[in-house]
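The values are calculated or read from the model by the stated rules, or taken from the named source; none is laboratory data. Since the structure is predicted, the reported quantities are computational estimates derived from the model, not experimental observations. Neighbour counts run over all protein chains shown; Cβ positions are idealised from the backbone, glycine included.
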Amino acid sequence: MLSPACSISIRDNIQVLHIDNAFASAQVALFGAHMLSFQPKSDLRERFWLSKAAKLDGVQAIRGGVPLCWPWFGDHQIKQIEPDNKDFPSHGYVRTQLWNIVKTLDTPKGTEVTLSPTTTQGAGFKGEAQLQLIITIGQHCSMQLVTSNVGSAHLEYRCALHSYFAISDIRTISLQGITGDYRDKTQDMQTFKTPSPYKFNAETDRVHLCQASNVTIVDKQLHTVIGSNGHDSLVVWNPWQDKSISMNDMEDEGYLTMVCVETAITQGEILAPGQSHVLTQIVY
């Protein structure tokens with residue numbers, strides 16, 4: 001039974017959970033537990049970017065919104081040995097699973113939705129885990145990815161809330177709040193100092209070994225604040241023009257109006273039996 005603020009529709013070939021309460025409206029695809037939209041009613045500004053060419057076929061991962069990366073981030077290690085192996089999809093396998101609604105609850109502060117995947121088992125992952133995504137839609141959008149070790153041995157995993165944020169123009173925005181070193185995927189994972197001011201003029205794919213609790217996207221007079229907790233890294237990504245053109249689920253100029261700021265575990269989290277870990281991102 002859904003709470004009064006929640007309803008379900010079919011969009012192309014996937015089910016979408018709609019949340020509409022006094023504070024905001026939001027949409028979550030049950031395919032991948034994938035946040036598609038969040039609009040606070042205080043300003044009616046969409047926080048997330050969704051590709052106009054995104055595939056909503058229930059097969060291919062959705063381009064935009066907030067994909068869930070678990071139990072690995074990026075390519076699985078086996079890809080280094082077998083680059084053509086398709087059994088180990090980039091960013092793990094839960095983002096292309098059907099997730100189930102565990103509960104929905106309306107409270108004075110908003111609507112809480114709990115989702116769980118069909119299974120946490122898959123090729124390339126050893127361990128017995130329980131996984132839940134807890135979404136709270138109120139004045140802010142909170143996402144908590146909860147991993148629990150329900151087995152008898154230690155387990156290791158990596159994960160991310162791979163959020164795509166809507167912006168006016170990547171060439172004019174800046175980021176505030178990220179400091180320290182980063183590893184640059186476009187330059188063989190060499191280490192560099194975080195730029196200040198933090199602006200964009202080319203393809204960007206950076207793993208910041210930074211545990212900043214708040215990062216701000218400064219877009220002219222508009223600010224989007226991303227709060228993070230339980231992470232060991234922040235990943236910043238924009239594909240720029242050539243890669244946008246090469247993607248079948250992204251319009252050629254799509255890179256201009258999006259930037260990814262991802263709350264992530266890239267260095268690995270190890271859970272003892274009975275332990276849980278919560279990766280949290282809050283969008284203001």
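Which one of SER276, SER233 is touching a residue at least 24 places away in the same chain (Cβ under 8 Å), crowded, with 22+ Cβ neighbours inside 10 Å and of a type in the set (S, T, N, Q)?
SER233
So in the stretch 21-40, with the set limited to residues that are small (Gly, Ala, Ser) and closer than 25 Å to ASP219 by Cβ, which one is surrounded by the most Cβ atoms within 10 Å (Cβ to Cβ)?
Only one residue fits best here, namely ALA26.
Being under 20 Å from the mean Cα position of the chain (by Cα) and part of a loop (DSSP other than H, G, I, E, B) is the filter; apply it to the stretch 176-186 and report the residue that is surrounded by the fewest Cβ atoms within 10 Å (Cβ to Cβ).
Here the answer is GLY177.
Return only the number of the condition from (1) without any contact (Cβ under 8 Å) to a residue 40 or more places away in the chain; (2) surrounded by 19 or more Cβ atoms within 10 Å (Cβ to Cβ) that VAL66 does not satisfy.
(1)
Being hydroxyl-bearing (Ser, Thr, Tyr), surrounded by fewer than 18 Cβ atoms within 10 Å (Cβ to Cβ) and either within 22 Å of SER90 (Cβ to Cβ) or touching an Asp or Glu at 6+ places or on another chain (Cβ under 7 Å) (or both) is the requirement here; does THR204 meet it? Let's see the steps before the verdict.
Numbers: hydroxyl-bearing (Ser, Thr, Tyr): yes; surrounded by fewer than 18 Cβ atoms within 10 Å (Cβ to Cβ): no; either within 22 Å of SER90 (Cβ to Cβ) or touching an Asp or Glu at 6+ places or on another chain (Cβ under 7 Å) (or both): yes.
When the stated conditions are applied, THR204 does not pass them.
Run SER213 past the list (1) loosely packed, with under 13 Cβ neighbours inside 10 Å; (2) more than 17 Å from the chain's Cα centre (by Cα); (3) not β-branched (Val, Ile, Thr) and report the number of the one that doesn't hold.
Here SER213 clears every test but (2).
Looking for whichever is surrounded by fewer than 18 Cβ atoms within 10 Å (Cβ to Cβ), of a type in the set (D, E, K, R) and under 23 Å from TYR157 (Cα atoms) here; the options are ASP75, ASP57, ASP43. Which one fits? First the steps, then the outcome.
Numbers: ASP57 fails: under 23 Å from TYR157 (Cα atoms); ASP43 fails: under 23 Å from TYR157 (Cα atoms).
After ruling out the rest, the residue left standing is ASP75.
What are the residues in the stretch 255-270 that are surrounded by fewer than 20 Cβ atoms within 10 Å (Cβ to Cβ) and either among the basic types (Lys, Arg) or in a strand (DSSP E or B) (or both), if any?
Narrowing the stretch 255-270 to residues surrounded by fewer than 20 Cβ atoms within 10 Å (Cβ to Cβ): 256-257, 267-270.
If the condition is that a residue be surrounded by fewer than 20 Cβ atoms within 10 Å (Cβ to Cβ) and either among the basic types (Lys, Arg) or in a strand (DSSP E or B) (or both), then GLN267, GLY268, GLU269, ILE270 are the ones that fit.
Report yes if some residue within the stretch 87-104 is closer than 16 Å to GLN281 by Cα and at pLDDT 95 or above; otherwise report no.
no
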